[in-house]
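The values are calculated or read from the model by the stated rules, or taken from the named source; none is laboratory data. A quick note: this is a predicted structure, and the numbers were derived from the prediction, not measured. Don't worry about glycine lacking a Cβ; one is built from the backbone with ideal geometry, like all the others, and counts go over all protein chains shown.
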Amino acid sequence: MNNVFYIGWDIGGAHLKAACVNEVGEIVWVEQIATPLWKGLDSLHDAMLLLLDKLPHGSVFHSITMTAELVDVFEDRDSGLRTLIDLCKEILGSDIGFYAAQAGIVNLEESQHNLNQLASANWHATTTYLATLFESGLFIDIGSTTTDIIPFSKNRLNNRGFNDQERLRFDELVYTGVIRTSLMSLTKKIPFAGEWQNIATEHFANTADVYRILGQLNEDDDLMDTADGKPKDVRSSINRLARMLGTDANNFNGEDCWNTLAQYFEESQLQLLTNAVLRILTNPHDKEVTIVGAGVGRFLVKKIAERLGIRYLEFSEVSHTDSAWSYKSNTCAPAVALAQLNRLSVKR
């Protein structure tokens, strides 16, 4: 008898993530590959083929969620969705499902009539899966580029926004992450050498430089190019931070001043995200709140929970992930969640 596996694909503008679970929900494989779609679709095409070759043998059920339709290589979101649907059909075949938010997982034909539901719905998939595991909580996924903050209670999502524009309005989507975010978006002034000074409004450095200097960024998650195309070592990151100040790192002795500056940028991002969380917590919710963290920036989620005195769990703890896959499952939570929803929907 063939083994049966359920695959969840999360197609982002910067990364492709995929996860595989078996018939009883055990995670057997999770992976992430950099796919900078703004450079063209070839990176996604090649990455999907590469991951497809890594899938275990047996009967396979594919389901897909995506946020990549926003990438500016597409004329608009609808054309992006249709192009990505066609690419998935080309590589995975026609017997595939797409996550359409409130409509659940729909087939290939139905996907064409649910484009609004398909667009940027990976946050919905993850929180929907969490809501099957326990009654209430606040899901926070800090990725390379964006942050999702989604409340749920009584086993149902409590989001106010649905599309990206609405979610940005309600702070349920915050366009900040721990790798690709330009530092000029976090603050206009910084304390340095005992003085306040302006910074350059130029993409000289990004948040990956900050968390690389602070030793908080896992190199396996650091898959994007640097702002200047130069190496991903601490010294190069310091050089990029110095450029934000209009100077060179060798004009100041030692690394302490640069570590302090990196800490200030981290604090600026933490305050931005904590304020968004506090806004969402002012809405009616259950008295007992647990924050569930995911994404490459979940170390910030933990810090936010500690500041607010709220119980914190990682996605892998809630989903009872085997320790061998816990790290990647936390990084690729939407793919894991969609694989599980795929399994549950097929079994019904």
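Quick notes on this one:
- Test: residue in the range 93-100 that is within 26 Å of residue 221 (Cβ to Cβ), in the same structural domain as residue 336 (by TED's automatic domain parsing) and part of a strand (DSSP E or B): yes
- Some residue of the range 60-74 being in the same structural domain as residue 341 (by TED's automatic domain parsing), out of contact with any Lys or Arg (no Cβ under 9 Å at 6 or more places or on another chain), in contact (Cβ under 8 Å) with a residue 40 or more places away in the chain and part of a helix (DSSP H, G or I): yes
- Residues in the range 101-118 that are under 19 Å from residue 6 (Cβ atoms) and not in a helix (DSSP H, G or I): 104, 105, 106, 107.
- Extreme residue, nearest to residue 269 (Cα to Cα), among residues of the range 290-327 that are out of contact with any helix residue (DSSP H, G or I) (no Cβ under 7 Å at 6 or more places or on another chain) and of a type in the set (Val, Ile, Thr): 301
- Tally of residues being closer than 17 Å to residue 283 by Cα and crowded, with 16+ Cβ neighbours inside 10 Å across the range 131-160: 14
- Beta carbons closer than 7 Å, at least 6 apart along the sequence or on distinct chains, pair a first residue in the range 211-229 that is closer than 19 Å to residue 186 by Cα and touching a residue at least 40 places away in the same chain (Cβ under 8 Å) with a second that is buried (at least 20 other Cβ atoms within 10 Å of the Cβ) and among the β-branched types (Val, Ile, Thr) for 211/178; 213/238; 217/178.
- Among residues of the range 39-52 that are among the hydroxyl-bearing types (Ser, Thr, Tyr), those with a Cβ under 7 angstrom from a residue that is at pLDDT 95 or above, sequence gap 6+ or separate chain, pair up as 43/35; 43/36; 43/37.
- Within the range 3-13, the set of residues being more than 15 Å from residue 92 (Cβ to Cβ) and within 10 Å of the chain's Cα centre (by Cα) comprises just one member, 12.
- Only listed residue being closer than 28 Å to residue 149 by Cβ and touching a strand residue (DSSP E or B) at 6+ places or on another chain (Cβ under 6 Å), chosen from 300, 278: 300
- Filter result for residue 215 (under 23 Å from the mean Cα position of the chain (by Cα) and on the phi > 0 side of the Ramachandran plot): yes
Yes or no, residue by residue, for (1) crowded, with 16+ Cβ neighbours inside 10 Å; (2) more than 23 Å from the chain's Cα centre (by Cα); (3) polar (S, T, N, Q):
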position: 250; (1), (2), (3): no, yes, yes
position: 254; (1), (2), (3): no, yes, no
position: 258; (1), (2), (3): yes, yes, no
position: 262; (1), (2), (3): yes, no, no
position: 266; (1), (2), (3): yes, no, no
position: 282; (1), (2), (3): no, yes, yes
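- Just one of the listed residues (33, 11) is touching a strand residue (DSSP E or B) at 6+ places or on another chain (Cβ under 8 Å), among the aliphatic types (A, V, I, L, M) and under 17 Å from residue 337 (Cα atoms), and it is 11.
- Among the residues of this structure, residue 178 does not count as one that is modelled with pLDDT of 95 or more, β-branched (Val, Ile, Thr) and within 13 Å of residue 279 (Cβ to Cβ).
- Test: residue in the range 187-204 that is under 23 Å from residue 332 (Cβ atoms) and either surrounded by 14 or more Cβ atoms within 10 Å (Cβ to Cβ) or at pLDDT below 95 (or both): no
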